[in-house]
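Asks: For reference, the structure I am asking about is given below.
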Amino acid sequence: PVLCASHVALMRDDELARFSEYAKRGGKLVITGDFAEFDAESRPREIDKTLSALGMSVRAKRMEKSGDITVVSGEQTAVMCDMNALYAFEGGEAIATLDDGTCVGVREKIGEGEIVWLAANAAQSEMQESIWSNRRQPIPPRVEAQASLRAHQLSHTGAFLNLIVGDRQLKVTC
């Protein structure tokens, strides 16, 4: 079974432990983007604490770099264009790299299962106006968040998941 956690930035410690147990018992955990960067009280969590809690031996450093990312799974390859990398990984099996060779995606066997993490976002998100209940201004009309990114996110994240899960080959062109 495959469990996908895409851009789940806030997570309790017990939830993080359950993801680790899932992988250890034979599940495949696929992570994209931010993951468990904050605890239940919205306090920042160090990336190495997240990796250790998952049972991973890889290490990571925060980075912000944009570019094309090449993802390789078996003999299949996809190039995801205009991506924002979040972390540079050290260790594990590199499955995704920036043009300069920086590893931004890893696969690691955990117990009977595995964890696959692509630490990147599709393009830069535009700002979304905040809506507070005690605003002194009229509430702006409702708009779809990140509407301009929808096609980019669907094609790139979809291509990544298809490669990793292995259902079918999907070629992405820039």
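Asks: Under 12 Å Cα to Cα from LYS65, which aspartates and glutamates show up? Leave out anything in the same chain fewer than 8 places away.
Replies: ASP82, ASP99, ASP100
Asks: Could you derive backbone 3J(HN,Hα) for the stretch 64-81 from the dihedral phi with the Karplus parameters 6.51, -1.76 and 1.60 (θ = phi - 60°), listing whole Hz in sequence and x where the residue is Gly or Pro?
Replies: Karplus values, whole Hz, x for Gly and Pro: 9, 9, 9, x, 7, 10, 9, 10, 10, 9, x, 9, 9, 9, 9, 10, 9, 8.
Asks: A further question follows. Roughly speaking, what is the stretch gain from LYS24 to SER6, that is 0.36 nm per residue apart minus the C-alpha to C-alpha distance, in nm to one decimal?
Replies: 4.5 nm
Asks: If the viscosity is 0.890 mPa s and the temperature 25 °C, what Stokes-Einstein diffusion coefficient in µm²/s follows for the stretch 1-54 when Rh is the Kirkwood radius over Cα pairs?
Replies: On the way: Rh = 11.1 Å.
Estimated via Stokes-Einstein, D reaches 220 µm²/s.
Asks: Per residue of the stretch 3-10, what does 6.51 cos²θ - 1.76 cosθ + 1.60 with θ = phi - 60° give for ³J(HN,Hα)? Whole Hz please, x for Gly and Pro, Karplus curve as stated.
Replies: 10, 9, 10, 9, 6, 9, 7, 10
Asks: Using amide H atoms built 1.01 Å from N in the peptide plane, name the residues 5+ places from ALA36, or on other chains, whose amide H lies under 5 Å from its own.
Replies: Amide H to amide H, under 5 Å and 5 or more residues apart or across chains, ALA36 pairs with VAL8, ALA9, LEU10.
Asks: Separation between the PHE38 and GLU64 pseudo-spin-labels, each 7 Å from Cα along Cα→Cβ, expressed in nm?
Replies: Going from the PHE38 label point to the GLU64 one covers 1.6 nm.
Asks: In units of 2.2 N^0.38 Å, what is the alpha-carbon radius of gyration of the stretch 1-119? Before the final figure, lay out the partial values.
Replies: Details: Rg = 13.6 Å, N = 119, 2.2 N^0.38 = 13.5 Å.
Ratio of Rg to 2.2 N^0.38 Å for the stretch 1-119: 1.01.
Asks: Long-range amide H contacts for MET63: which residues qualify at under 5 Å (H placed 1.01 Å from N, peptide plane, sequence gap of 5 or more or a different chain)?
Replies: Those lying under 5 Å, H to H, from MET63 are TYR87, ALA88.
Asks: May I ask for the distance between the Cα centers of the stretch 98-116 and the stretch 44-80, given as a whole number of Å?
Replies: Result: 6 Å between the Cα centres.
Values in this text are rule-based calculations from the coordinates and carry no lab data. Computed from a prediction, not measured in an experiment: that's the story for all the values here. Glycine gets a Cβ as well: all are built from the backbone with ideal geometry, and neighbour counts include every protein chain shown.
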